[in-house]
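Novice: Before I ask anything, let me first share the structure, which is written out below as structure tokens.
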Amino acid sequence: MSNSTTKANPLVKYFSEFGVLKDCGKNFWLTNLIQFFDGLSYFTLIIVFTLFLNKYCGFKDADAPYWVGMYTLFVSMFVFAVGTICDIIGLRRTYLIGFILLIGGRLILGMGTDFGTEICGLSQDSSRYFVMAGISIMSFGTAFMSPCITTSIRRFTTLRSRPTGFNFYYLFMNIGALLAGFAIVDPLLDWQGDVNGLLWVINFGTACNAIAFIFTRFIDDDFYAVPEEKISRKESSGRRPLQLICEVAREKAFQKLIVFLLLTLGVRLVFTLQFLIMPQYYTRTIGDDFQLGFMNSINPFIIITGLILIIPILNKFSTVKLMISGMSISALSLLLMAVPPQCYFIIPGIETIGQAYFVAIFLQIVIFASGELLFSPRFSEYVARVAPKDKVASYMALSALPMFIAKPINGVVGGLLVSYLCFDGIAAKMDTGHIDFWHSPEFMWTIYLIMALISPIAIILTKDSFVTEHPEEDAARDTDAEAPAEDAEEKPVEAC
């Protein structure tokens, strides 16, 4: 009677899907705590990063997004090598190195301007070199986080719990992103002001990184939820990072993955807009009293709510179809900001340009988040499934590359577009009707819309060549096919 009732009750069946997480031990939950505090640090930084460099450190309008872009460019330079290091020296040691660099870099970033001007007696322009040094060191530490955390999620989940484990990891990350906005950034800015408050946000994130580091010390580096995936430390340590990079580069599964990652770059630009371009866009079209933290909390709130409601449902659909659908929805969200704000006057209650912009921004965030909900968790899971068991971190490092390549591109392009199409004082000119479409923020979003739509179209056209519904099986088949040829060669990797 009880069993039949359970089967018949859709609500009970729905929540029973979350029960697979009971297969995950303490290491899985420790990893999520590390991700939570590191994510809290990252999201509070990224919300105010452009404004911090602009208002607190004195960087110019075009220079602030440029250096945020350079930060992520440095990350993209380091992230793949970090993946191979993690595969060789293990998680605990990689976490140790990463957090030392990350915390040290953030301290220099926060103290750089004051140290240069007050202690060394330098001008603000000269003091910015300390800030740039902090950004460079911090980027190296940031590069350690993504491959370590995603590798931990794969290692500490069973085959049965892995899809739900990645969904939960993404859910927990977005809880941090939600709190970062309305619970941390806005209160600190209200308390300390819109300049000094930015420094307090940076320092808060540094403290979160220190807490995350403490949790890494309790990780069991030798534990594997699937014992068959374990590679002996002796076997791993016998390889050098350059040797492992060369091995990975030769694999057909890796080469297909690279093409797939490149095809997603267009839509990944949309993901970077939320912190590279949006802060200046918000304040210059609506005003300085715009609640930046609150607006940045809408996206993670939708992600959290959506994941809680549809995690069991997502597991029943094709990974590739979900990724394509999510990319398309996120890209099309920019259409709402590409249309002239006067179009929103047909909505009752909207009478000013500022109100029209607020509605456009709100709707764009809601639709964008709906697409992200479908795309991002499946994207990380897909890369993890492609990876061979002895090169998980190397492959997982690549899952961050589209985002980190897109950010520096946006740092340069976005800085120029903001300078010309969303400059300080543009709101007054728009109110008087002195700005046409080709010199307005709407033209900027039209450019981004075209770039974003390239990704889902390209994936659809090349789906059968570079994306597969069964990545583990196809990757294993490719590896088996290449093995005889590799065995016939004498130390082919050493030649690298």
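The values are calculated or read from the model by the stated rules, or taken from the named source; none is laboratory data. Keep in mind that this is a model prediction, so the values were computed, not measured. Please note: Cβ atoms are built from the backbone with ideal geometry, for glycine as well, and neighbour counts cover all protein chains shown.
Novice: How many residues does the stretch 119-145 hold that are at pLDDT 80 or above, surrounded by 15 or more Cβ atoms within 10 Å (Cβ to Cβ) and farther than 19 Å from PHE49 by Cα?
Specialist: 1
Novice: Return the total of residues in the stretch 306-331 being at pLDDT 85 or above and either polar (S, T, N, Q) or closer than 19 Å to LEU21 by Cβ (or both).
Specialist: Count: 3.
Novice: For the stretch 425-449, what are the residues that are more than 34 Å from the chain's Cα centre (by Cα) and either surrounded by fewer than 18 Cβ atoms within 10 Å (Cβ to Cβ) or part of a helix (DSSP H, G or I) (or both)? Let's see the steps before the verdict.
Specialist: Here is the first cut: in the stretch 425-449, the ones more than 34 Å from the chain's Cα centre (by Cα) are 428-429, 431-436.
Result: ALA428, LYS429, ASP431, THR432, GLY433, HIS434, ASP436.
Novice: Kindly provide the set of residues from the stretch 449-472 that are hydroxyl-bearing (Ser, Thr, Tyr) and modelled with pLDDT of 85 or more, ordered by number. First the steps, then the outcome.
Specialist: Looking only at the stretch 449-472, we keep the residues that are hydroxyl-bearing (Ser, Thr, Tyr), and these are 455, 462, 465, 468.
Hit for the stretch 449-472 is SER455, nothing else.
Novice: Please verify whether ALA180 is over 25 Å from VAL392 (Cα atoms), among the hydrophobic types (A, V, I, L, M, F, W, C), buried (at least 21 other Cβ atoms within 10 Å of the Cβ) and under 17 Å from the mean Cα position of the chain (by Cα), treating the condition exactly as stated.
Specialist: Details: over 25 Å from VAL392 (Cα atoms): yes; among the hydrophobic types (A, V, I, L, M, F, W, C): yes; buried (at least 21 other Cβ atoms within 10 Å of the Cβ): yes; under 17 Å from the mean Cα position of the chain (by Cα): yes.
Answer is yes for this residue.
Novice: Here's something else I'd like to know. Given the conditions (1) at pLDDT below 75; (2) out of contact with any helix residue (DSSP H, G or I) (no Cβ under 7 Å at 6 or more places or on another chain), report the number of the one that LEU276 does not fulfil.
Specialist: (2)
Novice: Still on this structure, I have one more. Mind telling me which of the residues GLY112, GLY116 ends up being farther than 30 Å from ILE258 by Cβ, at pLDDT below 85, in contact with a Cys (Cβ under 8 Å, 6 or more places away or on another chain) and outside any loop (DSSP other than H, G, I, E, B)? Break it down stepwise before answering.
Specialist: Working: GLY116 fails: in contact with a Cys (Cβ under 8 Å, 6 or more places away or on another chain).
That would be GLY112, the only listed residue that is farther than 30 Å from ILE258 by Cβ, at pLDDT below 85, in contact with a Cys (Cβ under 8 Å, 6 or more places away or on another chain) and outside any loop (DSSP other than H, G, I, E, B).
Novice: Here's another thing I want to ask about it. Among the candidates SER325, SER376, which residue alone is surrounded by 20 or more Cβ atoms within 10 Å (Cβ to Cβ) and either polar (S, T, N, Q) or closer than 23 Å to ILE435 by Cβ (or both)?
Specialist: Only one candidate qualifies: SER376.
Novice: Going by what's in this entry, would ARG106 be described as part of a helix (DSSP H, G or I) and farther than 13 Å from PHE140 by Cα? Spell out how you get there, then give the answer.
Specialist: On the way: part of a helix (DSSP H, G or I): yes; farther than 13 Å from PHE140 by Cα: no.
So ARG106 does not fit the description; no.
Novice: Let me confirm something: among VAL383, VAL359, which residue is under 27 Å from PRO227 (Cβ atoms), out of contact with any Pro (no Cβ under 7 Å at 6 or more places or on another chain) and not hydroxyl-bearing (Ser, Thr, Tyr)? First the steps, then the outcome.
Specialist: Values: VAL359 fails: under 27 Å from PRO227 (Cβ atoms).
None of the other options fit; the residue is VAL383.
Yes/no matrix, rows are residues, columns are (1) polar (S, T, N, Q); (2) at pLDDT below 85; (3) over 22 Å from the mean Cα position of the chain (by Cα); (4) not in a helix (DSSP H, G or I):
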position	(1), (2), (3), (4)
THR157	yes, no, no, yes
GLY165	no, yes, no, no
GLY176	no, no, no, no
PRO187	no, no, yes, no
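Novice: Right, another one. Could you list, ordered by first residue, the pairs with Cβ atoms under 6 Å in which the first is in the stretch 18-40 and assigned to a helix (DSSP H, G or I) and among the charged types (D, E, K, R) and the second is modelled with pLDDT of 90 or more and crowded, with 21+ Cβ neighbours inside 10 Å, at least 6 apart or interchain?
Specialist: ASP38/ALA212
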